Every structure is written in structure tokens, then in C-alpha cells.
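See below for the structure under consideration.
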Amino acid sequence: IAEYLADKVKNHIIIAPDKGALGFAEEIAEILGCNCTYMSKIRLGPDKVETRIVDVQCDFDSEDLDKVKKDSKVNIDSVAGKEAIIIDDIIATGGTIVNAIGILKEHGAKSVDVCCVHPVLVNDAVLKIMAAGARDLSSTDTLTSDVSSISLAKLIADALR
């Protein structure tokens, strides 16, 4: 996924739509040499949940990333003017992604792309995600879908050798 994204955007920040996807998103951010953050759901009451962008410590070991300060803080202001890329493992209904797109747009993201490993995409999920303002939706080809544009064939073949 990082290889696929490398040539697509320049001024980007990787976003995990929840804490569960953070490890995967951080790996991609490190490969791309960009910051990463995630969305957190805060329960405000029995029927009220608020989703927020969370500040995250980013550690980069690469000497090629001089422009990125070690242990730099990412905050909601860092989303403004950036090309946000939401990274998730599975997208089924798209509800979490739609919510994340709205929050990123509210905080001034220049654009929002969405990428996942497994595109389950039920009940018009693609339409909902695109209608929410996603510029692009792409996934690997682990499941056949109209958005499956990242082939894992070579990676799997190399692993089997």
C-alpha cells in the first residue's frame, strides 16, 4: 500500500480511523516519511459519542527524514492544508470512514483519500464514502471490488518462493 501511495501525493498525513488501525497506519507513514495520527471515539454520554483527532508521537529512524523532527507532535492543526490518507484494514459499511472524512474536512484537510486492505464494502459503502468527500478510494485485491487497484500477486509470489 505504501508503494502504491508513494507517487500519488506529496503533502500528506496518514490517518487511522480508529486506534485499532494505528499500528498499520504508522508503518505506512514511516515508509512514506510522513506524520500519522488517528481518530478516537470519546463517549460523552449514553447516546452521545464524539470522534476526535488524537495527538500522536511520531518516531522516525531514517536519516533521510531531516525535515521531520524526531518525536514531533502531530495535532489537529497539522491536518489543515494536507492531503489526508485514511488507512484501514477492512471497510465494510463505511460508517467509520464517512465520519472520519467529515472530521478531516472540518479541520481543513485539502483532500481525503481512503485506502484499505480488504474491501468488503456492503450496502452502498462506496457511494457513501465518495459522497462524504473522499477524492479516491482504493484497496488491495484480496477481495474483488471495483476499487481493488493494488495487486498483491507479486508480494504473495515472492513470499511463497
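When LYS82 is tested against (1) at pLDDT 85 or above; (2) in contact with a Ser or Thr (Cβ under 6 Å, 6 or more places away or on another chain); (3) not hydrophobic (A, V, I, L, M, F, W, C), just one condition goes unmet, and that condition is (2). Please specify each residue of the stretch 1-22 satisfying the condition of being within 11 Å of MET39 (Cα to Cα) and either surrounded by fewer than 19 Cβ atoms within 10 Å (Cβ to Cβ) or basic (Lys, Arg) (or both). ASP18, LYS19, GLY20 - these are the residues of the stretch 1-22 that are within 11 Å of MET39 (Cα to Cα) and either surrounded by fewer than 19 Cβ atoms within 10 Å (Cβ to Cβ) or basic (Lys, Arg) (or both).
Scanning the stretch 4-24 for residues that are touching a helix residue (DSSP H, G or I) at 6+ places or on another chain (Cβ under 9 Å) and free of Cβ contacts under 8 Å to residues at least 12 places away in the same chain turns up nothing.
If we scan the stretch 56-74, do we find a residue that is acidic (Asp, Glu), modelled with pLDDT of 90 or more and not in a strand (DSSP E or B)?
No, every residue in the stretch 56-74 fails to be acidic (Asp, Glu), modelled with pLDDT of 90 or more and not in a strand (DSSP E or B).
Residues in the stretch 137-161 that are in contact with a helix residue (DSSP H, G or I) (Cβ under 9 Å, 6 or more places away or on another chain) and surrounded by 14 or more Cβ atoms within 10 Å (Cβ to Cβ): LEU137, SER138, THR140, ASP141, SER145, VAL147, SER149, ILE150. Scanning the stretch 32-55 for residues that are modelled with pLDDT of 70 or more, loosely packed, with under 13 Cβ neighbours inside 10 Å and part of a loop (DSSP other than H, G, I, E, B) gives a single hit, PRO46.
Within the stretch 7-31, being touching a strand residue (DSSP E or B) at 6+ places or on another chain (Cβ under 7 Å) and assigned to a helix (DSSP H, G or I) holds for LYS19, ALA21, LEU22, PHE24, ALA25, GLU26, ILE28, ALA29.
Taking the stretch 110-124 as the range and being under 12 Å from the mean Cα position of the chain (by Cα) and farther than 14 Å from ALA134 by Cα as the test, only VAL117 passes. Counting the residues of the stretch 92-109 that are among the small types (Gly, Ala, Ser), surrounded by 15 or more Cβ atoms within 10 Å (Cβ to Cβ) and under 17 Å from LYS82 (Cβ atoms) gives 2.
Among all residue pairs at least 6 apart or on different chains, which show Cβ distances below 7 Å where the first residue, located in the stretch 29-44, is in contact (Cβ under 8 Å) with a residue 60 or more places away in the chain and the second is hydrophobic (A, V, I, L, M, F, W, C) and outside any strand (DSSP E or B)? Qualifying pairs under 7 Å: MET39/ALA100; MET39/ILE103.
The values are calculated or read from the model by the stated rules, or taken from the named source; none is laboratory data. As the structure is a prediction and not an experimental result, all values here were calculated from the model. Glycine also receives a Cβ, built like all others from the backbone with ideal geometry; neighbour counts cover every protein chain displayed.
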